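> Before we start, here is the structure in question, set down as structure tokens.
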Amino acid sequence: MKSYVKINTERCKSCGLCVHACPKKILSIGEVANSKGYYAAEVKDQSECIGCAFCALICPDLALEVYREEKGE
Ligand code: SF4
Ligand code: SF4
């Protein structure tokens, strides 16, 4: 299994912190507003995610979950 990031768009407040934190630059602010009117973050290329979890650590709204590739998988 590859590493990937899951975004809970309803929790996102469009602050952009994760966009700047991602070393692979695969996160961006999308064009679809959630039910609270915030344009949620989205992933451009999931296959580029290295599972570093910088995005999840910096998100003040706990909108990001990172799944990592386990050794031997
Ligand atoms: S886990 Fe790392 S590489 Fe993947 S989206 Fe988050 S910051 Fe980017
Ligand atoms: S850090 Fe969290 S709240 Fe801010 S844009 Fe990213 S996902 Fe949304």
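> If I model a spin label at Ser35 and Glu65 as a point 7 Å from the Cα along the Cα→Cβ vector, what separation in nanometres do I get?
Simple spin-label model gives 1.8 nm for this pair.
> Right, next: Using the Cα centre as the reference, give the magnitude of the dipole from point charges on the C-beta atoms of the chain (Lys, Arg: +1; Asp, Glu: -1; all else neutral), rounded to the nearest 20 debye. Write down the numbers at each step before the final one.
Details: 10 positive and 10 negative charges, 29 e Å.
I would put it at about 140 debye.
> To continue, here is another question. Could you work out the helix-only [θ] at 222 nm for the chain, with each DSSP H run of four or more residues adding -39,500 (n - 2.57) and the total divided by the number of residues, to the nearest 500 deg cm²/dmol?
For the chain, the value works out to -2500 deg cm²/dmol.
> Of Asn8, Tyr38, Val66, whose Cα points farthest to the positive end of the dipole of the chain (charges on the beta-carbon: +1 Lys, Arg; -1 Asp, Glu; origin at the Cα centre)?
Checking the options against the dipole of the chain, the answer is Tyr38.
> If you don't mind, another one. When the convex hull of the Cα atoms of the chain is projected onto a plane and the area is averaged over all directions, what value comes out in nm²?
Working: hull surface 18.0 nm².
Mean projected area for the chain: 4.5 nm², to one decimal.
> What's the lysine pair count for the chain at a Cα cut-off below 14 Å, pairs eight or more apart or interchain? Show your work: numbers first, answer last.
On the way: Lys2/Lys71; Lys6/Lys44; Lys13/Lys36; Lys24/Lys44; Lys25/Lys44.
Lysine pair count for the chain: 5.
Read-outs: derived from the displayed coordinates by stated rules, not from any lab. These figures come from a predicted structure and were not determined experimentally. No Cβ is skipped: glycine too gets one built from the backbone with ideal geometry, and neighbour counts run over all protein chains shown.
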